Each structure stands twice: as C-alpha cells, then as structure tokens.
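The values are calculated or read from the model by the stated rules, or taken from the named source; none is laboratory data. Just so we're clear, the structure is a prediction, and the values are computed from it rather than from any experiment. Neighbour counts are summed over all protein chains in view; Cβ atoms, including those assigned to glycine, are modelled from backbone coordinates with ideal geometry. The accessibility values were calculated without ligands, DNA or RNA, using every heavy atom of the protein model including side chains. Shrake-Rupley method; radii C 1.70, N 1.55, O 1.52, S 1.80 Å.
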Amino acid sequence: QVQLVESGGGLVQAGDSLTLSCAASIRTFSAYFMGWFRQAPGKEREFVASMNWSGSRTSYADSVKGRFTISSDRAKNTVYLIINTLKPEDTAVYYCAARRINQPSYDFWGQGAQVTVSS
C-alpha cells in the first residue's frame with residue numbers, strides 16, 4: 001500500500017530554483033522505485049526522473065539532465081525534485097509516482113503539483 005502527496009508547486013519566475021516534495025507512505029521501501037513525471041498543457045505525460053530509496057540508482061530524462069535532481073530523505077519519508085534554472089517550458093503538473101520493483105509500470109500516483117514558470 002502506497003500513498004503519495006506532492007507539495008511545493010506554485011508560480012515562479014524563469015531562472016529561479018524550486019524544490020518539489022513527495023511525502024510517501026510506504027511500508028517496504030526496498031520494494032519500490034520512485035519517480036517524477038510531468039504533464040505540460042496540451043502534451044502527454046513524460047518521465048522526468050527516478051530513483052531507488054537508497055539513492056544508488058538514479059535516472060533522468062535527457063531534457064532535464066543537468067538542471068533537475070532527484071533525492072530523498074528517508075528520515076522524513078520524502079522524495080524531492082530539485083529544479084534549477086527554471087524555464088517557461090518547465091510549466092506543467094508534476095506527479096510523484098511509485099512502482100514495485102517487479103512491475104514494469106508505475107501503479108501509484110500523487111495528486112500532482114502545478115508549477116507555472118513566468119518569463
């Protein structure tokens with residue numbers, strides 16, 4: 001059983017930095033991979049980043065490499081997405097997600113956090 005709640009979204013200016021948080025209620029952390037996805041207006045949902053809870057494995061979409069960082073704080077049961085040098089094209093609803101390590105798809109999703117970047 002997994003429950004995910006995102007926070008930290010809002011209206012920001014281009015060039016700023018922003019940290020999104022995902023509070024995760026997971027009983028067996030080693031059984032899941034965590035991910036961030038986003039969906040821009042009029043576009044399909046796209047993969048952003050993923051990690052295992054130990055932090056030993058991370059993955060990023062080519063479009064965000066160098067600007068986005070996924071991390072976690074196990075003591076707080078929280079996964080973060082740190083976004084640097086925000087661009088207007090980063091405007092999207094950002095979703096935290098989790099998948100079982102023995103499953104190919106993400107089955108658990110948060111409600112989403114709106115990030116709007118103004119120029």
Zone residues, region 10-28, relative to Glu89, backbone N less than 20 Å from point 7 Å out along Cα-to-Cβ: 12-18
Near-label residues of region 48-89 by backbone N, under 15 Å of a point 7 Å along Cα→Cβ of Gln39: 48
Whole-angstrom gap from region 51-116 to region 1-33, using each part's C-alpha centre: 7
Size of electric dipole in the chain: Cβ of Lys, Arg +1 and of Asp, Glu -1, about Cα centre, debye, nearest 20: 340
GNM flexibility winner over the chain from Pro88, Pro104, Pro41 (Cα, springs under 10 Å): Pro104
Accessible-area composition of region 41-119, carbon plus sulfur, in percent [1.4 Å probe]: 45
Point-to-point label distance, Ser118-Ala75, nm (Cα→Cβ direction, 7 Å offset): 3.7
Normalised contact order of region 2-119, rounded percent, pairs of Cα under 8 Å and 6 or more residues apart: 36
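Please give the length that would be gained between Thr19 and Phe47 if that part of the chain were fully extended, namely 0.36 nm times their separation in residues minus their C-alpha to C-alpha distance (nm, one decimal).
Extra length available between Thr19 and Phe47 comes to 8.4 nm.
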Percent of beta bridges antiparallel (DSSP, the chain, rounded to nearest 5): 90
Proximal lysines to Lys87, defined as alpha-carbon separation beneath 21 angstrom and excluding residues fewer than eight positions away on the same chain: Lys43, Lys65
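Within a Cβ distance under 11 Å of Ala31, other residues only, what is the Lys/Arg minus Asp/Glu net charge?
Details: positive: Arg27, Arg99, Arg100; negative: none.
Neighbourhood net charge equals +3.
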